[in-house]
């Protein structure tokens with residue numbers, strides 16, 4: 001059951017085309033607009049899903065090229081002391 005109202009302004013030419021299309025389809029303008037909106041929303045969701053799939057594939061491809069950082073799991077937290085220790089080992093101090 002329809003209970004919500006939505007209105008917007010459009011050009012006289014577009015309104016005329018919409019009314020003609022509704023007559024051709026033997027539907028009310030409201031029913032035709034509802035079909036148009038439903039169709040557009042389904043297509044938009046489909047595009048969104050396709051874009052998400054493309055993003056997933058690109059992430060997977062990038063991860064294959066990026067590799068990983070090896071080292072202790074808390075390396076970022078102890079970076080300063082780790083860098084100093086590596087310098088000391090390199091220079092024998």
Looking only at segment 8-41, which residues are surrounded by fewer than 10 Cβ atoms within 10 Å (Cβ to Cβ) and at pLDDT below 90? 8
With criteria (1) modelled with pLDDT of 85 or more; (2) surrounded by 10 or more Cβ atoms within 10 Å (Cβ to Cβ); (3) under 27 Å from the mean Cα position of the chain (by Cα), residue 60 comes up short on (2)
With the condition kept exactly as written, say whether any residue in segment 29-43 is part of a loop (DSSP other than H, G, I, E, B) and more than 26 Å from the chain's Cα centre (by Cα). no
Here are some residues: 20, 4. Which one is over 30 Å from residue 82 (Cα atoms) and in a loop (DSSP other than H, G, I, E, B)? 4
What's the number of the only condition in (1) within 28 Å of the chain's Cα centre (by Cα); (2) at pLDDT below 85 that residue 92 fails to meet? (1)
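The values are calculated or read from the model by the stated rules, or taken from the named source; none is laboratory data. Remember, predicted model here, so these are calculated numbers, not experimental data. A quick note on method: Cβ atoms are made from the backbone with ideal geometry, for glycine too, and the neighbour counts reach across all protein chains shown.
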